[in-house]
Amino acid sequence: MDYQLAYWIKYNGLDLKIYGYYIGISPQFPICGFCSGYLYNPQNLKQRKSVLCSLGIMERMLQSTEGSTDSYRQVGDKIWPVYAHYEYEEEQKLVCCIKEWQQGALDYIEQKKNYLKEDEDYVKFAQPLIAIGKNPTLKMVKLFSFFYNTDGEKEYYVSQKKLVQYKPRELMHALSNSVWKTGFLKSVFKIPFPYFYIYRIFRK
């Protein structure tokens, strides 16, 4: 989306700057404009690994429900987004949960916004969200048990099978495809392990 906007601005000779907040852009890949986000903030990358393990959940919190922006088109003197097919169009239960998740996030911000004074406060108030990624409970796992991504095939956030039903290579493949690594591990093993650190060992 950032690339497409920058292209249209340059193509039309417009004197505009892009201000954006992005989830999932790695800091080593430069993007246009004045942009920041959990994974794109060159001044402070301390929380990067803590956020990566539950990136899929955070992306859903910011996802529109009309479909991702595929490109842009110009009609007269205006530029309109062209949406890709919305992957959850037939999944009303899932759409409802995403909307509730988003509304809950907005309500939380509304409650806390007057207490934000320093940059450290943002990290402090983000801790409940980061905790979902780093140390999920079985209740959290159950809440997101039917969430999935569709990138060629349906990939669920958490395991849909018991540990004994996996072959070792199949388990590692399913873990690598999950966008919520710690939640997936919790759903498989159930017991209270430090899954965030276990996954970091797996990656090495």
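Annotations for the structure displayed:
- Taking every DSSP helix (H) stretch of at least 4 residues in the chain, weighting each as -39,500 (n - 2.57) and dividing the sum by the residue count yields a mean residue ellipticity at 222 nm of -13500 deg cm²/dmol.
- Accessible carbon and sulfur surface of region 69-167 relative to its total accessible area, %, 1.4 Å: 52 percent
- Option label - Kirkwood radius over Cα pairs in Å computed here, alternatives [x] 19.1; [y] 18.6; [z] 16.9: [x]
- Multiplying the residue separation of Tyr3 and Leu16 by 0.36 nm and subtracting their alpha-carbon distance yields 3.3 nm.
- Between Trp101 and Arg73, the simple label model (points 7 Å from Cα in the Cβ direction) yields a spacing of 3.0 nm.
- Simple point charges give the picture: +1 on the Cβ of Lys and Arg, -1 on the Cβ of Asp and Glu, and for region 42-191 a dipole about the Cα centre of about 920 debye.
- Neighbour count of at most 10 Cβ within 10 Å plus DSSP loop: longest GluC sites (Glu not before Pro)-free window in the chain: 1-89
- Surface per residue (accessible, 1.4 Å probe) for region 61-177, Å²: 72 Å²
- Selected from Val179, Asn149, Pro136, residue furthest toward positive end of dipole (the chain; charges at beta carbon): Pro136
- Estimated from the Cβ-Cβ distance and a Förster radius of 30 angstrom, the FRET efficiency linking Glu153 and Gln47 is about 0.45.
- Antiparallel content of DSSP bridges confined to the chain, in %, to 5: 75 percent
- Ordering of 45-52, 131-138 by burial proxy (mean other Cβ atoms within 10 Å per residue, highest first): 131-138, 45-52
The values are calculated or read from the model by the stated rules, or taken from the named source; none is laboratory data. Computed from a predicted structure; not experimentally measured. We place every Cβ from the backbone using ideal geometry, glycine too, and count neighbours over all the protein chains shown. Ligands, DNA and RNA are stripped out before the accessible areas are found, and what is left, the full protein with its side chains, is counted by its heavy atoms. Shrake-Rupley method; radii C 1.70, N 1.55, O 1.52, S 1.80 Å.
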